Amino acid sequence: EDGTFIALQVTKSTFQAKKIRIYKTSPVFEGQSVSDKKIEQDDDTDLYLAAQIISKEKMTTAESIIEVVVGEDSEEKTGFKYEQIMKAYKISTLGFNAYVEDMNGECLGEC
């Protein structure tokens with residue numbers, strides 16, 4: 001919305017789990033430090049961690065949590081404090097069915 005470029009990085013991927021980090025070219029909060037992640041090795045674009053998606057997958061279902069960066073937290077491994085804003089679920093059916101809900105459990109969308 002503010003015109004900044006967004007980059008995605010899969011930081012952890014196994015058969016049952018994925019962690020995707022989302023970066024922006026502008027800070028999310030005042031005083032946020034620049035990430036050491038780069039789009040390409042010789043790229044000098046400054047990136048700032050904005051959000052992460054953590055997915056846990058099973059054979060026919062999956063659950064993802066979407067978290068946004070809201071500040072710093074020295075006790076967190078990444079150094080940031082996160083706020084969960086949504087959950088998404090893949091439902092076990094013959095076709096692809098999923099739904100997204102906010103943290104109050106209210107459905108935001110289905111497919």
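Any idea which of Val28, Thr61, Gly105 is furthest toward the positive side of the dipole for region 9-111, if Lys and Arg beta-carbons carry +1 and Asp and Glu beta-carbons -1?
Thr61
Under a Cβ-Cβ cut-off of 12 Å, what is the net charge of the residues other than Tyr99 that fall near it, where Lys and Arg count +1 and Asp and Glu count -1?
Value of the local net charge: -3.
If you bin the C-alpha pair distances of region 19-93 every 10 Å from 0, what whole percents do you get?
Using 10 Å bins, I get a P(r) of 18, 42, 27, 12, 1 for region 19-93.
Which net charge results for the neighbourhood of Lys38, defined as the other residues with beta-carbon distances under 15 angstrom from its beta-carbon, given Lys and Arg at +1 and Asp and Glu at -1?
Net local charge, Lys38 excluded: -3.
With a 10 Å radius around each residue's Cβ, average the other Cβ atoms per peptide and rank 44-56, 74-86, highest first.
Per-residue Cβ counts within 10 Å, averaged per peptide and sorted highest first, yield 44-56, 74-86.
Every number here is computed from the coordinates shown, using simple stated rules; none is lab data. Please read these numbers as outputs of a predicted model, since none were measured by experiment. No Cβ is skipped: glycine too gets one built from the backbone with ideal geometry, and neighbour counts run over all protein chains shown.
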